[in-house]
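Throughout, read-outs are computed from the coordinates displayed, never taken from laboratory work. Predicted model, so just to flag it, every value in this text is computed and none were measured. Don't worry about glycine lacking a Cβ; one is built from the backbone with ideal geometry, like all the others, and counts go over all protein chains shown.
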Amino acid sequence: MTARLGSASAPKQQLALRFPLRPRSRFEHFVVGANSALVERLRTQAARFECLWLFGSSGVGKTHLLQATCHAVADAAYLPARRIPADEASLERYARFRATLVDDVETWLGHAATERELYGLYNELARAEARLVLTASRSPRECDFALPDLASRLCAAECYEVARLSDEDKLPLLVNAAQDRGLRLSEDVVRFLLTRVSRDQKSLLDTLSRLDHASLTRKRGLTVPFVKEVLGL
């Protein structure tokens, strides 16, 4: 089965939606940890078609890596699937880019019409010898597809599991995340958080969001006593 993009209802020349990238979501601000091979792979685009699938739990940095790849490539498009309803995902417009980066692609899986769009995009990028990078919480072999042809192609993608950070690497993670929010986070506060709250990456970042809100609302800096007060510790 070979599919080309577009449908009878889709205009031939649609403008690509451009979703904003976080300014600090670049490779130089990514805490690499055990992901050095993956980061190096994303930094290097081959002169042929390639399809990469990144997977891992929430908070490990998949979005950061996709946006960093987009920042590093002059002709790239970043698509956050969660912000594009499956029944509105017209992907023809993204076939012209040298790299198309789809975040949370599993949001679209199981919807036959959207999978046909994605299958067509895959084929067009392959013909153009471009790059397709997708992220999900699971590997493609663990996902439920509506189209067997799309499943076979994505299951053959180059797959990387994004590794969780060690406790030692979580200190720069929190410092970088605080800088993204314009917060000043002292090492004392970071070490306090790493010893007193859940240390998985998502929980740490959720805690930082809570502290950011409290700091803005109450117009106070993040000191250990203030953090204790906000978190009830």
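Between Rg and the Kirkwood Rh of segment 65-150, both from Cα atoms, what is the Rg to Rh ratio?
0.93
Semi-axes of the equivalent ellipsoid of the chain: what are they in whole Å, largest first, if each equals the square root of 5 times a C-alpha gyration tensor eigenvalue?
Each semi-axis is √(5λ); the values are 37, 18, 16 Å.
What is the distance, in nm, between label points placed 7 Å from the Cα along the Cα-to-Cβ direction at Arg210 and at His29?
Distance between the two pseudo-spin positions: 2.5 nm.
So what is the 222 nm mean residue ellipticity for the chain from helices alone, if each DSSP H run of at least 4 adds -39500 (n - 2.57) and you divide by all residues, rounding to the nearest 500 deg cm²/dmol?
-12000 deg cm²/dmol
May I ask you to sort Val162, Val102 by Cβ crowding, counting other Cβ atoms within 10 Å and putting the fewest first?
Val162, Val102
If I take every Cα pair under 8 Å that is 6 or more residues apart in segment 170-231, average their sequence separation and divide by the length, what percent do I get for the relative contact order? Mind dumping the intermediate values first?
Working: 40 pairs, mean separation 21.9, N = 62.
In percent, rounded to a whole number, it is 35.
Over all distinct alpha-carbon pairs, what is the Kirkwood Rh of segment 170-231 in angstrom? Spell out each step's value before the answer.
Values: mean 1/r = 0.0881 Å⁻¹.
The Cα-based Kirkwood calculation yields 11.4 Å.
For Val224 and Asp144, calculate 0.36 nm times their separation in residues minus their Cα-Cα distance, and state this gained length in nm to one decimal.
Here the segment from Val224 to Asp144 would lengthen by 24.2 nm.
Of Leu165, Thr114, Ala68, whose Cα points farthest to the positive end of the dipole of the chain (charges on the beta-carbon: +1 Lys, Arg; -1 Asp, Glu; origin at the Cα centre)?
Ala68
So, in the chain, how many Lys pairs have Cα atoms under 19 Å apart, if the pair is 8 or more places apart or on different chains?
Value for the chain: 4.
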